[in-house]
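First up is the structure itself, then whatever we jot down about it.
The values are calculated or read from the model by the stated rules, or taken from the named source; none is laboratory data. Note that the coordinates shown come from a computational prediction; the quantities given were computed from them, not determined experimentally. Here Cβ is always computed from backbone atoms with ideal geometry, including for glycine, and neighbour counts include all displayed protein chains. Remember, those area values only see protein heavy atoms, side chains included, never the ligands or the DNA or RNA. Shrake-Rupley method; radii C 1.70, N 1.55, O 1.52, S 1.80 Å.
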Amino acid sequence: MKAALLLALPAMAWAAPAGGSPMRVLTSFYPMYVMTLNVVGGTPGVSVECLARPSTGCLHDYQLTPGDLVALTRADVFVANGAGMETFLDKALRQAPALRVIEAGAGMELVDGGNPHIWVGIGGAIAETRAIARGLATADPARADAYRKNAADYVAELERLRVRMHAALDGLKHREIVTFHEAFPYFAREFGLNIVGVIEREPGSEPGARELARTVDLVRRSGVRAVFAEPQYPAKCAEIIRRETGVQVALLDPAVTGDVDPAKARRSYCEAMERNLASLVQALAD
Ligand SMILES: [Zn+2]
């Protein structure tokens, strides 16, 4: 038995793909999935998966399922946003104590007493992409060069997007906006927008009559030109706000949901920001 094992070992080592052993990277939710896919690129032997379904959105109050715990124990590396987004992280680490965790937002300066939506600002997405690349390079040194190169390419793309967005947004006369859920302070800071009201609501739930009345009141008091709902917000409710207040309801996407298909997911953040840019210009320009 012992001899058979000794014989088997070199064969296993031989079977490992060039460039290191297989690497299973699990990401917590969609924005981490998108950034990690861009950092990994087509590197052989590395798989990237998303723990929460891509339709989940933010992980505020997310509860781990038994299937999630199995996925966590099987992963080599877990990529999380940190900054309080994954409230289940302590529990996850108790279940899978050997799991290596990369917190993309670790050590970053948080606004508004610890708002975790760092990636919604493009500067935040750039910093988190770099942090993921550093973490993966440390966890998997054999592929470190590939992670660094892919991250540099993606950061360059994000930088070009940021320049284009500044060129279009810096001259806007109207800069006051009302948003849904507190996802946009980093985005607003980046582009000099002023969030005068946040309609706090449970993501994914239908707003009730009282919430709609409160929203209408907030929009009237704030005097803004447009209210920015998220793409998941029911169009019927947006229409009620528009009718009651006379302001248009435009969309602003925190880039927390999208297609699981890696080729589509890789592009989804930049595409969401392009739509945000068009939406802002349309709503706030004279
Ligand atoms: Zn959120």
>> For segment 133-148, give me each residue that is part of a helix (DSSP H, G or I) and either buried (at least 22 other Cβ atoms within 10 Å of the Cβ) or of a type in the set (S, T, N, Q) (or both).
In response: Ala133, Gly135, Leu136, Thr138, Tyr147
>> I need the full set of residues from segment 83-100 which are more than 16 Å from the ligand (Cβ to nearest atom) and open to solvent by 50 Å² or more (accessible area, probe 1.4 Å), in order please.
In response: Asp90, Lys91, Leu93, Arg94, Gln95, Pro97, Ala98, Arg100
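From the list Arg160, Arg175, Arg164, Arg130, which residue is open to solvent by 10 Å² or more (accessible area, probe 1.4 Å) and under 18 Å from the mean Cα position of the chain (by Cα)?
Arg130
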> In segment 252-267, what residues are open to solvent by 20 Å² or more (accessible area, probe 1.4 Å), more than 16 Å from the ligand (Cβ to nearest atom) and not charged (D, E, K, R)?
Replying inline: Val260, Pro262, Ala263
>> Name the single residue that is farthest from the chain's Cα centre (by Cα) among those in segment 57-82 being surrounded by 17 or more Cβ atoms within 10 Å (Cβ to Cβ) and charged (D, E, K, R).
In response: Asp76
> When both residues are 6+ apart or on different chains and their Cβ atoms are under 6 Å apart, which pairs have a first residue that lies in segment 70-88 and is touching a residue at least 24 places away in the same chain (Cβ under 8 Å) and assigned by TED's automatic domain parsing to the domain that holds His60, and a second that is part of a loop (DSSP other than H, G, I, E, B) and charged (D, E, K, R)?
Replying inline: Ala80/Glu86
>> Between a residue in segment 225-236 that is without any contact (Cβ under 8 Å) to a residue 40 or more places away in the chain and any residue that is not in a helix (DSSP H, G or I), which pairs come within a Cβ distance under 7 Å, given they are 6 or more apart or on different chains?
In response: Pro231/Leu251; Pro231/Asp253; Pro234/Glu206
> What are the residues in segment 98-121 that are touching a residue at least 40 places away in the same chain (Cβ under 8 Å) and within 16 Å of the chain's Cα centre (by Cα), if any?
Replying inline: Ala104, Asn115, His117, Ile118, Trp119, Val120, Gly121
